[in-house]
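Presented below is the structure to which this report refers.
The values are calculated or read from the model by the stated rules, or taken from the named source; none is laboratory data. Since the model is a prediction, treat every value here as computed from it, not as a measurement. Note that we place each Cβ from the backbone using ideal geometry, even for glycine, and neighbour counts take in every protein chain shown. Protein only, heavy atoms only, side chains kept; ligands, DNA and RNA dropped before computing areas. Shrake-Rupley method; radii C 1.70, N 1.55, O 1.52, S 1.80 Å.
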Amino acid sequence: MNPTNGQKPRLLKEAEVAERYNLSVKALQRWRGEGIGPAFIKLNNSVRYDPADVENFISRNRVQSTAEFEALCFDIDDDK
C-alpha cells in the first residue's frame, strides 16, 4: 500500500524496472528463467513487477565486501 494515499503501488513493466535500476531487460528475463531475480507477476502474456518486490530483492543482495559476495555465490562448474 502507498502510505500517502492508501492505494497499491502501480506495477512496473520489465522495461521500466530495467531503466529505473540500470539493468538490461535480458538480465531480468534470464533471472526469471533461473528463478533468481525479484518476484514477478504474470498477467496473461505480460510480466509486471511490484516495486516493493524489486526493492526487497536489492536489499537481500546487498553485501559489504567481495568476500561476502563470493560466499553467497556457487561455482556453476560444480553442477557438471
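Key figures
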{"read-out": "Percent RCO, i.e. relative contact order, over the range 12-60, from Cα pairs under 8 Å lying at least 6 residues apart", "value": "35 percent"}
{"read-out": "Neighbourhood net charge (12 Å Cβ-Cβ; Lys/Arg +1, Asp/Glu -1) for Glu55", "value": "+1"}
{"read-out": "In order through the range 24-29: 3J(HN,Hα) via Karplus (6.51 cos²θ - 1.76 cosθ + 1.60), integer Hz, x for Gly, Pro", "value": "8, 4, 4, 4, 4, 5"}
{"read-out": "Packing-based order for 44-55, 26-37, using average beta carbon neighbours within 10 Å, highest first", "value": "44-55, 26-37"}
{"read-out": "Area projected by the alpha carbon convex hull of the range 24-70, averaged over all directions, nm²", "value": "3.9 nm²"}
{"read-out": "Accessible carbon and sulfur surface of the range 24-67 relative to its total accessible area, %, 1.4 Å", "value": "48 percent"}
